[in-house]
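Nothing in this text is a laboratory measurement; each read-out follows from the coordinates by a stated rule. Given the structure is predicted, the values throughout are model-derived calculations rather than measurements. Here the Cβ is made from the backbone with ideal geometry for all residues, glycine too, and neighbour counts use every protein chain on show.
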Amino acid sequence: MADIAIIDYGMGNLRSVHQALHTVAPNASIVVTSDPQEVRQAGRVVFPGQGAMPDCIRELEERGLRETVLNAARTKPFLGICIGLQMLFEHSEEGDVPGLAILPGRVVRFGENLVDSQNNKLKVPHMGWNQVLYGNHPLWDGIDQNSRFYFVHSYYVCPMDEQLVQATSCYPRPFVCAVGRENIFAVQFHPEKSQHAGLKLLENFVNWAPV
Ligand SMILES: NC(=O)CC[C@H](N)C(=O)O
């Protein structure tokens, strides 16, 4: 029975997530797994991934992991990362596909004609370091307000319920980059690639006891 299960549905660089979690929790048993039983038995779950929503949903279902993710999101501390955040919602414009509908809301694409305040064209995807303005949640403990985290994405989540919003970033207008409810916390950026602030967030997750 692992302390932490990183769900492997064949998408994305799980090695860096595993390495970052091992850094903050060297004595924890951490598994990268696509075995529903291992996920069910784990103390807490990380749901990462990189790629296009349609591919990720298909790969998850082809491995018979949809129910496993739904169950984990209902029953234990659950951290979604990047596409693992977006998949929690009801629908994504990326491929016009339904998500897992664990959280109410949808995923939309940044506008193509993004410009900054000096009318300079901004690139999509949003790729690089950006500041995060966070709210009041234990997973932000010990992290400076407006710390920078690493992003690589073209879409962002629009929660139906304001209560879900745990942080925003700005590109060039504010967008939601972290959500949370009960035992679920999910981020658009990559904490495993965000140096000290990212490692601190992962450390807070490893020690998190949701009420
Ligand atoms: N890096 C990613 O996996 C990006 C997630 C999603 N495809 C997006 O473009 O927003």
Worksheet item: Which three semi-axes in whole Å describe the equivalent ellipsoid of the range 1-65, each the square root of 5 times a Cα gyration tensor eigenvalue, listed largest first?
Response: 21, 14, 7
Item to complete: Determine the calculated [θ] at 222 nm for the chain from helices alone, applying -39500 (n - 2.57) to every DSSP H run no shorter than 4 residues and normalising by the residue count; nearest 500 deg cm²/dmol.
Response: -7000 deg cm²/dmol
Worksheet, complete the sentence: The size of the Cβ-based charge dipole (Lys, Arg +1; Asp, Glu -1) of the range 4-207 about the Cα centre, to the nearest 20 debye, is 320 debye
Worksheet entry | C-alpha long axis of helix 53-62 to longest principal axis of the chain, angle in ° | 10 degrees
Worksheet item: For the residue pair VAL152 and ARG15, what label-to-label distance in nm results when each label sits 7 Å from Cα along the Cα-to-beta-carbon direction?
Response: 1.3 nm
Worksheet, complete the sentence: At R0 = 30 Å the Cβ-Cβ FRET efficiency linking GLN37 and GLU90, nearest 0.05, sits at 0.60
Discussion item. I'd like the Karplus ³J(HN,Hα) series for the range 200-208: coefficients 6.51, -1.76, 1.60, θ = phi - 60°, whole numbers in Hz, and an x wherever there's a Gly or Pro.
Written reply: 5, 5, 5, 4, 4, 5, 4, 9, 6
Discussion item. Can you tell me how the range 119-179 classifies by the Cα gyration tensor, rounded, prolate or oblate, using a/c under 1.5 as the rounded cut?
Written reply: oblate
Practice prompt. Under 1.5 on a/c is rounded, so check that first for the range 32-151, then, if it is not, pick prolate when a/b is larger than b/c and oblate when it is not; a ≥ b ≥ c are the square roots of the alpha carbon gyration tensor eigenvalues.
Written response: oblate
Practice prompt. Starting from the coordinates of the alpha-carbon atoms of the chain, obtain the Kirkwood hydrodynamic radius over all distinct pairs and give the value in Å to one decimal.
Written response: 17.0 Å
Practice prompt. Starting from the Cα of LYS123, draw a straight line to each of the lysines and keep only those under 27 Å, dropping any in the same chain fewer than 8 residues away.
Written response: LYS193
Worksheet, complete the sentence: The answer for trypsin sites (Lys or Arg not before Pro) in the range 122-211 that fall in a DSSP coil and have at most 13 neighbouring Cβ atoms within 10 Å is LYS123
